[in-house]
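*Asks:* Got a structure here, written out as structure tokens. Questions coming.
The values are calculated or read from the model by the stated rules, or taken from the named source; none is laboratory data. All values reported here derive from a predicted model rather than from experimental measurement. Every residue, glycine among them, receives a Cβ derived from its backbone with ideal geometry; neighbour counts consider all protein chains shown. These accessible areas exclude ligands, DNA and RNA; they are computed on the full protein's heavy atoms, side chains included. Shrake-Rupley method; radii C 1.70, N 1.55, O 1.52, S 1.80 Å.
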Amino acid sequence: MKNEIRIAPSILSADLVRLAEQVEQVLAGGADWLHVDVMDGRFVPNLTFGAGMIAALRKLTDKPIDVHLMVVEPEQYIEPFAAAGASVFTFHPEATIHVQRQLDAVKQRGMMAGLALNPGTPFTYAEEVVKDLDLLLIMSVNPGFGGQSYLPAATEKIQRARALLTAHRARCFLEVDGGISRQTIGAAHQAGADTFVAGNAVFGSADPAREVQELRRRCRDAGGVPV
Ligand code: DX5
Ligand code: ZN
């Protein structure tokens, strides 16, 4: 998977009245994964989707469903989200007491296990469990809402994450989430990210399919570190 790029449109920014149509559009544009932001109104000040949404999307596509849980006690959702058809289950370390146990439980249930680091979250959380990770998500905004601006400090954190994964020869996706656009995707890729969440950039555009293609093109043009 050398220099492979994954684009994961976030349905948080989709027009929910036309969700099936919007999903078809991004899949037609070559979207690799669908990103689903689960928020509980406690870990972040917003409330969004649950297992019902994952099951609905699963009826629309066989592509990986990349679930990002911004919730307290993510362990409560491992079983129902696996049953609903989630592929990647990513949670925040501050939200649970036994991070490594939950990573194991996610994998036991047949999903890929991801850990998400907020802009202010110490990087050591990832270092402690690097061998248990299928995905490391670097947040480039403080989570809760779509349409925020990319925080430039994320670029350096992505570089540290790439160095960590390389040092451990980890087979692990390195994802970036928040403010990814035509303007920011290149820098994130050059820093070492290989998987890109994009909400507003894709669904806020007049042509979501074309935007997915354009993000991939910009990413390829920027070139990235070999992964
Ligand atoms: C932010 C979410 C993101 C969000 C990204 O809390 O985790 O996945 O949908 O949206 P954009 O790409 O608009 O910043
Ligand atoms: Zn997200």
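*Asks:* If the only charges are +1 at each Lys and Arg Cβ and -1 at each Asp and Glu Cβ, what is the size of the charge dipole of the chain around the Cα centre, to the nearest 20 debye? All intermediate terms of the calculation are to be shown ahead of the outcome.
*Replies:* On the way: 22 positive and 26 negative charges, 109 e Å.
Dipole magnitude for the chain comes out near 520 debye.
*Asks:* At 0.36 nm per residue, and after removing the present C-alpha to C-alpha distance, how many nm does the segment from Asp62 to Lys131 gain when stretched out fully?
*Replies:* That pair, Asp62 and Lys131, stretches by 22.1 nm at full extension.
*Asks:* Enter the mean projected area of the convex hull around the alpha-carbon atoms of the stretch 22-72, in nm², rounded to one decimal.
*Replies:* 3.6 nm²
*Asks:* Mind checking which of Tyr77, Pro93, Ala51 is farthest towards the positive end of the chain's charge dipole, using Cβ charges of +1 (Lys, Arg) and -1 (Asp, Glu) about the Cα centre?
*Replies:* Positive-most Cα among the choices belongs to Pro93.
*Asks:* Taking the Cα centre of the stretch 142-227 as origin and charging only Cβ (+1 Lys, Arg; -1 Asp, Glu), how large is the dipole, in debye to the nearest 20?
*Replies:* My answer is approximately 300 debye.
*Asks:* Shifting gears a bit: So what is the relative contact order of the stretch 136-227, in percent, for Cα pairs below 8 Å that sit 6 or more residues apart?
*Replies:* 30 percent
*Asks:* Can you list the trypsin sites (Lys or Arg not before Pro) in the stretch 151-211 that are in a DSSP coil and have 14 or fewer other beta carbons within 10 angstrom?
*Replies:* Of the trypsin sites (Lys or Arg not before Pro), the ones in loops of the stretch 151-211 whose Cβ has at most 14 other Cβ atoms within 10 Å are Arg169, Arg171.
*Asks:* Oh, and also: Could you state the number of Å between the C-alpha centres of the stretch 124-202 and the stretch 1-61?
*Replies:* Value for the Cα centre distance between the two parts: 18 Å.
*Asks:* While we're on this one: Taking all protein chains in place and a 1.4 Å probe, what share, in percent, of the accessible surface of the chain do carbon and sulfur account for?
*Replies:* 49 percent
*Asks:* Please name whichever of Gly199, Gly224, Pro9 sits farthest to the positive end of the charge dipole of the chain, dipole taken about the Cα centre and charges placed at Cβ: Lys and Arg +1, Asp and Glu -1.
*Replies:* Gly224
*Asks:* While we're looking at this one, here's another question. Compute the Cα gyration tensor for the stretch 1-117, then decide on rounded, prolate or oblate, letting a ≥ b ≥ c be the square roots of its eigenvalues: rounded whenever a/c is under 1.5, prolate when a/b is larger than b/c in the other cases, and oblate in all that remain. Please report the intermediate quantities before stating the final value.
*Replies:* Numbers: a/c = 1.77, a/b = 1.38, b/c = 1.28.
Prolate shape, in that a/c is at least 1.5 and a/b is the bigger ratio.
*Asks:* When only Cα pairs under 8 Å and 6 or more residues apart are kept, what is the percent relative contact order across the stretch 79-178? Write down the numbers at each step before the final one.
*Replies:* Values: 146 pairs, mean separation 25.1, N = 100.
Once normalised by length, the contact order is 25 percent.
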